[in-house]
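Rule-based calculations on the coordinates, nothing more; no lab input. Here the structure is a predicted model, which is why all the values come from computation and not from measurement. All Cβ positions, glycine included, derive from the backbone under ideal geometry; neighbour counts span all protein chains shown.
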Amino acid sequence: MKILVCISHVPDTTAKINFTNGDTEFDTNGVQFVINPNDEFGLTRAIWFKEKQGAHVTVVNVGGPETEATIRKALAIGADEAIRVNANPADGFFVAKQLAEVVKAGNYDVVICGKESLDYNGGMVPGMLAALLNYNFVNSCVGVEIEGTKATLVREIDGGKETLNADLPLVIGGQKGIVEEKDLRIPNMRGIMTARTKALNVMEAVSADVKTKAVKFEKPAPKSAVKLISPDNLDELINLLHNEAKVI
Amino acid sequence: MSVLIYTEFSEGKFKKVALELASYAKKVAESLGTTVTAVTVNAGDVSELGKYGVDKVLKVSDSKLDKFNARAYADVVKQAAQKEGAKVVILSSTTDSLYLAPIAAVGLDAGYASNVVALPVSTSPFQVKRNAFSNKGFNITELSSDVKVIALAKNSFGLAEASGAAAAEDFAVTLNDADFNIQIQSQEKASGKVSIADAEIVVSGGRGLKGPENWGMIEELAEVLGAATACSKPVSDLDWRPHSEHVGQTGKPVASNLYIAVGISGAIQHIAGINASKVKVVINTDPEAPFFKVADYGVVGDAFQVVPELIKKLKEFKAHNN
C-alpha cells in the first residue's frame, strides 16, 4: 500500500502573530515553524500502517526551500521519502492542484491530509484534492482501518461519530483521534540520523489558477481588561451576564 | 444570478445556523442588487425561510439523500447554483457543510473562503474578512474567480428578519452512482445532550477540578444553563472526561455566546480553540492564570465554593425571571 501524507509548514502555536509590509504579509521574524498539528496525527497513523501492514510512506509539502527542515522532521518521524513541490502555497486550490499531480504521478492508494492548518484555517485542501482526483473523501476523520482495498473510517459529526466504508483510493482530512495524542510519534536520535539519508526530491510546480488572495491582514482589537467579581458577590456576575453581556 | 445558500434542515426544522445564513445572505444579495435562493434536501415546510429574506426555495427530495453524503450534496449545491446562475454561494460552518464546500467549489471552478466573519468588505472586487491564525488574526481575502463560495463562520452574524416570498419549487437533480461510493455503516450520537457545536453556552472544566469524581457540579451548572459540557486537553488525555468533550486547538472549536472555564489555566492552544466564543468567564484560584488575560469576567476563588454557589444563585435567578 502506498500512502502519501501531505504536510503543511506552519508557525508554532505559541508564535506571536504580527504582520509586516503594510499588513500584507505574515511576519516570520523569530517564528518557529512546525508540522501542522492536524497533519501530525495522520503522519503517525501512516507510520503505524508502515509498521503493521508494510505500507510505503511518502510525505509531501508545497513550499519553498525554507520548509525542508520541517519535511526532514517528518522523515525523522518515520516516513520513507519526501517530496517538496517548489512553489509558494498561494491558495488552497493552487496547493490542491500541485498535490493532485503528485498523487497521479505516484499512484498512491491513500492520501492523508490534515483537515485544517492552523495558520490560514482554510480547511479546503483535502476536499479539493479529492474532487480534482475523483477519489473517495472522508473529512474530520478520527479513525481509519484498512484491509486490502477497503477502508473503514470514523468521521466526527456534530454531536457524535459516524462509521463509514469506502474503497481505495481515498483522501482523508484527518485530525486528533486518528491517533491519540499520547501515541504521537516524535523523532528519536536514530530517526534524525537516518532522515538525513532519506530522499527529499524537489519537483517543479505545474501551472495552476490562484483563485483567492489575502490582500490584507488585521490583528484583533485589543481586549479590555477582565472584570473581576468577588466570589462573595456572584449575584453581580449573574447581573452582568444577563444585563451587560446579555448571554443568559 | 441570485445568491445561493444551502440551508440545513434537521429534525423537522431549519437549524439556527441556516436562519442566520439566510439573514446574512439577504444583506449580501441586497448589496449585489439581487435575491436569495435557498436549496434544501428532504426538507418539510420551508416557509420559515421567508421570514429571513429568502425569495425562492429549490426543494430537492430524494431518498438516496436521506443521510448526508458530501459528494452527493456538493453535487446538489453545484446544480442549484448553475440553475440560478449564482455568482455567490454561501454555506454554514457546520461539519457537513464544511465537508461539502471544497468539493462544491471545485465543481463550480470557484474560489472558496471559509471562516468568513462579516458582510463583504467590497463586492467588486469581491473581498471578505475571515478568521485566520486560529482566531489570533484576520485576513481580508479577495476572490477573483467568476463564482465565489464562502462559508459563514459560526456565530458571526445574528438573525435578522427581512421579508421574502420563500416561493418553493421542486428541484430535480441528476445524481451519479459514483456520488454514493461511501456508505454509512453506523452512527453514534449522544442523545438528549446539547452538542458543543450547537450550544449557545458551554461549561468547561480543567485540571483544577482535581478528578473526574468532581464533575457533578460542572454537569449541574451546564444543566441549569442549558449548556454543553466541555473540558481541557489534559482532562481528556487523563480520561477524566470523554475525548469528545475536548475543546481547544486540536479538539473541538467553540464559537458559543458564553464560555465558562472552571479550573482551566488557559494554555495558548486551549484559548486558540475557544477564542471565537463571544463572552468568556473564568473561575480559577490562581489570579495569575493566563486565562484571566483573555476573559471578559473572572472570579478568583475556589471552584468548589464558587460553582455550587453560582448554581444556587442561577436557579434563583431563573425562578425569578420565568
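The ranking of B:M217, A:M189, A:M203, A:M128 by Cβ neighbour count inside 10 Å, starting from the fewest, reads A:M189, A:M203, B:M217, A:M128.
Ranked for footprinting exposure by Cβ neighbours inside 10 Å, fewest first, B:T229, A:T14, A:T212, B:T34 give A:T14, B:T34, B:T229, A:T212.
Once backbone amide H atoms are built at 1.01 Å from N, B:A160 has B:S23 as its partners under 5 Å, excluding neighbours fewer than 5 places away on the same chain.
Reducing region A:71-89 and region A:199-227 to their Cα centroids gives an inter-centroid distance of 20 Å.
Note on region B:72-231: Rg/Rh from C-alpha atoms, Kirkwood Rh, equals 1.05.
Dividing the convex hull volume of the Cα atoms of region B:1-109 by its residue count, what figure in Å³ per residue is obtained? It would help to have the intermediate numbers written out before the result.
Details: hull volume 9.5 nm³, N = 109.
Expressed per residue, the convex hull around the Cα atoms of region B:1-109 is 88 Å³.
Applied to region A:145-158, the Karplus parametrisation 6.51 cos²θ - 1.76 cosθ + 1.60 on θ = phi - 60° returns per-residue 3J(HN,Hα) values of 10, 10, 9, x, 9, 10, 10, 10, 10, 10, 10, 7, 10, 4 Hz, with x for Gly and Pro. Measuring nothing but how far apart in sequence close Cα pairs (under 8 Å, 6+ apart) lie, relative to its length, chain B scores a relative contact order of 14 percent. For chain B, the calculated P(r) over all alpha carbon pairs, in 20 Å bins from 0 to the bin holding the longest distance, is 30, 52, 18, 0 percent.
Computed from the mean reciprocal separation of all distinct C-alpha pairs, what Kirkwood hydrodynamic radius does chain A have, in Å?
19.8
For region B:304-311, backbone phi angles converted through the Karplus equation (6.51, -1.76, 1.60; θ = phi - 60°) give residue-by-residue couplings of 5, 9, 5, 5, x, 5, 5, 4 Hz, Gly and Pro being listed as x. Looking at region B:3-180, the DSSP beta bridges with both ends there are about 35 percent antiparallel.
Projecting the Cα atoms of A:V226, A:T13, A:L133 onto the dipole axis of the protein assembly as shown, where Lys and Arg carry +1 and Asp and Glu carry -1 at the beta carbon, places A:T13 farthest toward the positive end.
For the residue pairs A:K176/B:K189; B:K16/B:K154; A:K52/A:K97; A:K216/B:K15; B:K13/B:K278, the alpha carbons lie more than 21 Å apart in A:K52/A:K97; A:K216/B:K15; B:K13/B:K278. For a straight C-alpha distance cut-off of 20 angstrom, the lysines reachable from B:K83 (same-chain residues fewer than eight places away being disregarded) are B:K26, B:K56, B:K59, B:K148. Across all Cα pairs in region B:201-321, the calculated P(r) in 5 Å bins from zero up to the longest distance comes to 2, 12, 24, 27, 21, 10, 3, 1, 0 percent per bin.
Here the simple spin-label model places points 7 Å from the Cα toward Cβ, and for B:K189 and B:K293 these points are separated by 4.1 nm. Applying a length cut-off of 18 Å (Cα extent along the axis) and a mean Kyte-Doolittle floor of 0.0 to the DSSP H helices of chain A leaves A:92-106. Comparing Cα centroids, region B:143-202 and region B:306-321 end up 36 angstrom apart. Between B:K148 and B:V88, B:V89, the built amide H atoms are under 5 Å apart, and every one of these is 5 or more places off in sequence or on another chain. Considering only the Cα atoms of region A:34-181, their convex hull presents on average a projected area of 8.3 nm². For B:V39, the residues whose amide H sits under 5 Å from its own are B:I5, B:Y6, B:T7, B:L58, ignoring neighbours fewer than 5 places away on the same chain, with H placed 1.01 Å from N. Working note: Cα atoms of the protein assembly as shown, range along each principal axis, descending, whole Å: 68, 63, 51.
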